Amino acid sequence: MLKEGDRAPEFCLRGIDKNAKEGEFCLKDFLGGKKHLVLYFYPKDNTPGCTKEACDFRDNMNRLTRLATVVGVSPDSVKSHQNFQKKHGLNFVLLSDPDKEVLKAYGAWGKKKMYGKVREGVIRSTFIISPDGEVKKIWRNVKVKGHVDEVIENL
């Protein structure tokens, strides 16, 4: 299980940038400067909790921009991400992990309880990764309300 102080697992995924341009994005693309990376994993585009979380990041981007780059990851398709981004005016990168390899590498895929049943799925998680690739902070089983403020406080 990935823990604070570990090296962030490398990845390359298809996705869209903040201007809806499709491409391949790798961890190394977000590292090396002065900003941290806020990498957050969420279950599904256009669901209530995921929409609230994405819109909270969007609405706080002015507070985040000087400190970090925000990247959201879910198993949804690039096409789904494009619709999600357009519908809600999202201003950050969204990546598609349909094979769940990156989700698993970060411990954001596994058994979870939902409506009293245990099943496999995305475990809502957020990671702050330093410019040199070290995992600085991890939140697992994120509760959406107030989460973005907590991320900003930790940056």
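We did not get these values from a lab; they are worked out from the coordinates using the rules stated. No experiment lies behind these values; they were computed from the predicted model shown. Reconstructed Cβ throughout: ideal geometry from the backbone, glycine too, with neighbour counts over all protein chains shown.
Give me the percent of DSSP beta bridges within the stretch 1-83 that run antiparallel, rounded to the nearest 5.
Antiparallel: roughly 45 percent of the beta bridges in the stretch 1-83.
Please work out the Cα center distance from the stretch 1-62 to the stretch 74-145, rounded to the nearest Å.
Between the Cα centres of the stretch 1-62 and the stretch 74-145 lies a distance of 8 Å.
Which ordering of CYS26, CYS50 is given by a fewest-first count of other beta-carbon atoms within 10 Å?
With the sparsest Cβ surroundings first, the list reads CYS26, CYS50.
Along the charge dipole of the stretch 12-154, which of PHE25, ASN62, GLY107 sits closest to the positive end, that is, farthest toward it, with unit charges on the beta carbon of Lys, Arg, Asp and Glu (+1, +1, -1, -1)?
Highest projection toward the positive end goes to GLY107.
Restricting attention to the stretch 1-93, which GluC sites (Glu not before Pro) occupy a DSSP loop and are surrounded by at most 16 other Cβ atoms within 10 Å?
Hits after loop and neighbour filter: GLU4, GLU10.
With labels modelled as points extended 7 Å from the Cα through the Cβ direction, what inter-label distance (nm, one decimal) is found for THR47 paired with ASP29?
With each label placed 7 Å out from Cα toward Cβ, I get 2.5 nm.
Would you order PHE57, PHE41 from fewest to most other beta-carbon atoms within 10 Å of each residue's own beta-carbon?
Taking fewest neighbouring Cβ atoms as first place, the list is PHE57, PHE41.
What percent antiparallel are the DSSP beta bridges of the chain, to the nearest 5?
If we restrict to bridges inside the chain, about 70 percent are antiparallel.
Springs between alpha-carbon atoms under 10 Å, Gaussian network over the chain: tell me which of VAL70, VAL38, VAL118 tops the mean-square fluctuations.
Residue with maximal mean-square fluctuation among VAL70, VAL38, VAL118: VAL118.
Between LYS87 and LYS100, what is the label-point separation in nm under the 7 Å Cα-to-beta-carbon projection?
My value for the distance between the label points is 2.3 nm.
Could you tell me which of the pairs LYS52/LYS79; LYS21/LYS117; LYS18/LYS113; LYS79/LYS145 are separated by over 29 angstrom between their Cα atoms in the structure shown?
Beyond 29 Å: LYS21/LYS117; LYS18/LYS113.
When only DSSP loop residues count, what trypsin sites (Lys or Arg not before Pro) in the stretch 21-112 have their Cβ near at most 13 other Cβ atoms within 10 Å?
LYS21, LYS34, ARG66
How much net charge surrounds GLY107 when only other residues with a Cβ under 11 Å from its Cβ are counted (Lys, Arg +1; Asp, Glu -1)?
+2
Over the stretch 12-154, how many percent of alpha carbon pairs lie in each 5 Å bin up to the one with the longest distance?
2, 10, 21, 25, 23, 14, 4, 1, 0
Would you kindly enumerate the cysteines in the chain that have no other Cys beta-carbon under 4.7 Å from their beta-carbon?
For the chain, the answer is CYS50, CYS55, because their Cβ atoms have no other cysteine Cβ under 4.7 Å.
With a cut-off of at most 13 other beta carbons within 10 Å, and DSSP calling the residue loop, which GluC sites (Glu not before Pro) in the stretch 88-155 qualify? Please list them.
none
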